[in-house]
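Comments concern the structure below.
The values are calculated or read from the model by the stated rules, or taken from the named source; none is laboratory data. Predicted model only: the values in this text are computed from it and were never measured. Cβ atoms come from the backbone with ideal geometry, glycine included; neighbour counts cover every protein chain shown.
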Amino acid sequence: SHLRSTDIRTDNSPLQIFVKAKKKINDIFVEIEDYVQDTVGFMKSLQAERNIVTAEEGERVESYVDKVHAIRDVLKRDHMKVAFFGRTSNGKSTVINAMLRDKILPSGIGHTTNCFLQVEGSDNGESYLITEGSTEKQPVQSVGQLGHALCKEKLCESHLVRIFWPKEKCLLLRDDVVFVDSPGVDVTPNLDEWIDKHCLDADVFVLVANAESTLMVTEKNFFHKVSTKLSKPNIFILNNRWDASASEPEFFEQLVKEQKEVRAQHQERAVDFLSRELKVYTPKDAEERVFFVSAKETLQARMQEQRGQPSHNGALAEGFQTRYFEFQDFERKFEECISKSAVKTKFEQHSQRGKHIATEIRQTLDEILDRTQKMKSEQLHVKKEVHDKLNYTEQQLMLLTQEMKDKIHHMVEDVEQRVSKALSE
Ligand code: GDP
């Protein structure tokens, strides 16, 4: 039912850029596969019959079948990947849950994420997890159980646990977005290993910062490392827990003023970090990547909405609506960014390879066509001699028959004359 309530959003979601591109490129590869199969069949018949095609050419074209298959396999698994980073307890898991509109990841005290958690869509309504190095599906029925399962596993900090959650429960999962939650960057991590293992194929990075404090060196360092390995990574900064600064509404005017100042300061530092330090955006573009939100409120509101209740139950923290809108604004910009980036990084390669295969096959076929045309003209040459001979024979025959006809004609006339003569006598 919650899908129905968000259906209106479905078709104009920027994620559809990726979804549609994926469908289109897949259709194209189905056609390429047909085309390759046809070519293989055609070449086999030529090889068998007339030796027009060399064995090497046959093998080359046949090898494209496997190549196209491999691309189609990768294509099936292509997704949009977003990775969340930040210090422990800044609210990474809560942000992911808010975006998924459900409490999927355990969060809060005692549920420190101590390894990488990846949430992705599953078919057939199944929910389960798979730990690294295993293929065993461990069923997951609830968050509590998930938290328990994660605790009992001896998990290394850079290990990955994949959580599969029913696609139909969340539009983002249905549209092939994959979420990666990380251990806090303050957990003395081996950043290089983290980045190599989990970040190189990420389309978007979200830094979940704490609006109650400033960006920490550990948080900044992580992104400095990322930007040495990836050229121009897409980074969003969420200043989370923005609600916490609105807890004393008695001095309302004073509070609004203070909040404005705090916000301006955070904003300036974040923009400076993205533009001047990391050099991934211009200051103007960087402005569009910094948001002030409350993941906790957003999650609560969305869970209320899903139960068919209003998004808040009266006891509303000051500024809730604004923060909720800002979270939605973040999601919109995030969706645009991730789908464009994923189309570019993932499908550009496939379409290059597809083009390459098509060109190679055409070249091979052109060569064969060239060869057959030469053979044909050679045969025509040979035929011409025969043809001339035939022509001569034919002409001779015609002449002969004509002669015969004339002779018979004369004979008949002669006979007739004789007969009529005999009769009159
Ligand atoms: P993580 O370690 O970064 O994944 O952080 P969690 O998502 O587990 O959040 C840590 C604690 O902060 C939990 O108790 C959350 O309920 C709380 N929290 C998360 N986001 C917010 C927020 O926006 N506002 C407030 N007040 N608390 C939050």
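Computed quantities for the displayed model
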item: Subset of segment 232-245 that is among the hydrophobic types (A, V, I, L, M, F, W, C) and out of contact with any Leu (no Cβ under 9 Å at 6 or more places or on another chain) - its residue that is nearest to the ligand (Cβ to nearest atom); result: 244
item: Test set (1) among the polar types (S, T, N, Q); (2) out of contact with any Lys or Arg (no Cβ under 9 Å at 6 or more places or on another chain); (3) at pLDDT below 90; (4) more than 16 Å from the ligand (Cβ to nearest atom) - residue 265 fails condition number; result: (3)
item: Some residue of segment 218-231 being within 14 Å of the ligand (Cβ to nearest atom) and modelled with pLDDT of 90 or more; result: yes
item: Filter result for residue 120 (surrounded by fewer than 18 Cβ atoms within 10 Å (Cβ to Cβ) and outside any loop (DSSP other than H, G, I, E, B)); result: yes
item: Single match in 297, 335 (criterion: within 13 Å of the ligand (Cβ to nearest atom), outside any strand (DSSP E or B) and not aliphatic (A, V, I, L, M)); result: 297
item: Number of positions in segment 172-200 that are under 19 Å from residue 98 (Cα atoms) and in a helix (DSSP H, G or I); result: 3
item: All positions within segment 72-92 that are within 16 Å of the ligand (Cβ to nearest atom) and either surrounded by fewer than 16 Cβ atoms within 10 Å (Cβ to Cβ) or free of Cβ contacts under 8 Å to residues at least 24 places away in the same chain (or both); result: 88
item: Test: residue 17 is part of a loop (DSSP other than H, G, I, E, B), touching a Lys or Arg at 6+ places or on another chain (Cβ under 9 Å) and of a type in the set (A, V, I, L, M, F, W, C); result: no
item: Scan of segment 186-201 for residues that are touching a strand residue (DSSP E or B) at 6+ places or on another chain (Cβ under 9 Å) and closer than 20 Å to residue 91 by Cα, ordered by number; result: 194, 198, 199
item: Single condition residue 274 does not satisfy, out of (1) in contact with a helix residue (DSSP H, G or I) (Cβ under 6 Å, 6 or more places away or on another chain); (2) over 20 Å from residue 170 (Cα atoms); (3) within 16 Å of the ligand (Cβ to nearest atom); result: (3)
item: Top-ranked residue in segment 39-63 [being among the aliphatic types (A, V, I, L, M), part of a helix (DSSP H, G or I) and modelled with pLDDT under 80; ranked as surrounded by the most Cβ atoms within 10 Å (Cβ to Cβ)]; result: 46
item: Tally of residues being in contact (Cβ under 8 Å) with a residue 40 or more places away in the chain and either away from the ligand (no atom under 16 Å from the Cβ) or within 15 Å of residue 232 (Cβ to Cβ) (or both) across segment 282-294; result: 2
item: Pairs, first closer than 20 Å to residue 235 by Cβ in segment 318-334, second in a helix (DSSP H, G or I), C-beta under 6 Å, six or more apart; result: 327/298
item: Residues of segment 197-217 satisfying the condition of being within 12 Å of the ligand (Cβ to nearest atom) and in contact (Cβ under 8 Å) with a residue 40 or more places away in the chain; result: 206, 207, 208, 209, 210, 211
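For (1) farther than 30 Å from residue 27 by Cβ; (2) among the aliphatic types (A, V, I, L, M); (3) within 16 Å of the ligand (Cβ to nearest atom), each residue gets a yes or a no:
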| site | (1), (2), (3) |
| --- | --- |
| 46 | no, yes, no |
| 55 | yes, yes, no |
| 59 | no, no, no |
| 62 | no, no, no |
| 70 | no, yes, no |
| 94 | yes, no, yes |
| 100 | no, yes, yes |
| 140 | yes, yes, no |
